[in-house]
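Below: one structure, written as structure tokens.
Any read-out appearing in this document is the output of simple, stated calculations on the displayed coordinates, not a laboratory observation. Source: prediction; values computed, not measured. Note that we place each Cβ from the backbone using ideal geometry, even for glycine, and neighbour counts take in every protein chain shown.
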Amino acid sequence: MSSPMNLVVFLARAGVGSRRACDELVRDGKVTVNGEVVTFPRQKVEPADVVAVDGAPVALKTLRYVLVNKPRGVASTRSDPHAERVIVDLVPDGRTLFPVGRLDVDTTGLIVLTNDGALANRLMHPRYGVQKTYAVRVRGKVTKRALATLREGVVLEDGVTAPAEVTLRKQSAKTALLDLTIHEGRKRQVKRMFLALGLPVEELHRRRYGPLSDKGLSPGGFRELGGDDVDALRRAAEEVTAAVAGEAEGEPMSLAAAEAAADEAFEEGAPEVDREPSGNGPAESGSAST
Ligand code: URA
């Protein structure tokens with residue numbers, strides 16, 4: 001920090017939480033500056049000041065955002081004794097980053113890795129997260145009724161899904177290729193939605209994550225996100241926050257807590273589809289869709 005900044009801005013840039021969450025922490029008397037409790041969120045802090053939350057010192061850090069096109073067979077966690085590879089190992093110094101949300105091991109496509117806990121927390125809201133578009137190959141015939149149900153909401157064991165955007169791209173004798181856009185982030189949601197309609201998912205690829213697309217990113221590829229992309233992600237997160245009218249913020253969450261929440265939401269006992277996909281992402285021509 002080269003010049004003074006607001007306490008709340010400092011806390012947000014240290015990855016403690018969103019500005020609003022940090023504002024609350026300050027007002028609740030949880031933050032000290034040089035050992036003194038400060039309850040005024042816009043108090044200026046200087047480079048030499050020691051800021052602590054609940055007694056633990058916090059420091060500014062360089063925030064990093066990486067977009068990865070996860071290949072099949074890679075776990076989207078930081079560590080998994082059962083997986084051959086984990087996503088953080090696909091990027092240099094990836095072990096300092098956390099995946100925002102989860103994809104199944106057999107799903108391909110976009111995942112953001114970051115050390116910005118505040119942004120990750122907002123993007124991952126389970127009921128109204130950022131919009132995600134999937135290319136889906138299913139087995140069976142997709143009827144008009146099935147499309148209508150996807151658009152209205154599918155009844156799952158954990159409740160009716162929010163209306164999805166869906167386009168049928170191609171129907172062949174045995175399989176169909178669709179684009180599906182959802183903003184919820186429930187465990188194995190896409191596979192369960194289609195299975196509930198009698199259409200087992202054979203291949204699943206996330207081709208858009210909020211404002212980001214997989215264009216130019218081959219499976220296993222990654223790119224560091226800079227200015228415009230990060231601004232666009234931040235705007236997407238703002239929309240999430242607005243959509244849930246403040247509920248998305250909750251308590252400020254550390255990245256470790258965000259990761260634990262993603263695990264809980266995504267990895268517990270959801271019904272599996274009955275067949276492993278075989279290709280490298282759904283594509284009309286049989287080539288990879290990325
Ligand atoms: N929905 C699923 O069923 N699986 C994924 O990996 C992502 C979304």
Could you give the size of the charge dipole of region 1-125 about its Cα centre, using +1 on the Cβ of each K and R and -1 on the Cβ of each D and E, expressed in debye and rounded to the nearest 20? 280
Less than 16 Å from a label point 7 Å out along the Cα-to-Cβ axis of E152: which backbone N atoms in region 175-194 qualify, by residue? none
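Counting residues in region 65-267 as N, plug N into 2.2 N^0.38 Å and put the Cα Rg over that result.
Working: Rg = 16.5 Å, N = 203, 2.2 N^0.38 = 16.6 Å.
In units of the globular-protein estimate, region 65-267 measures up at 0.99.
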Roughly how compact is region 5-58, stated as its Cα Rg over 2.2 N^0.38 Å to two decimals? 0.93
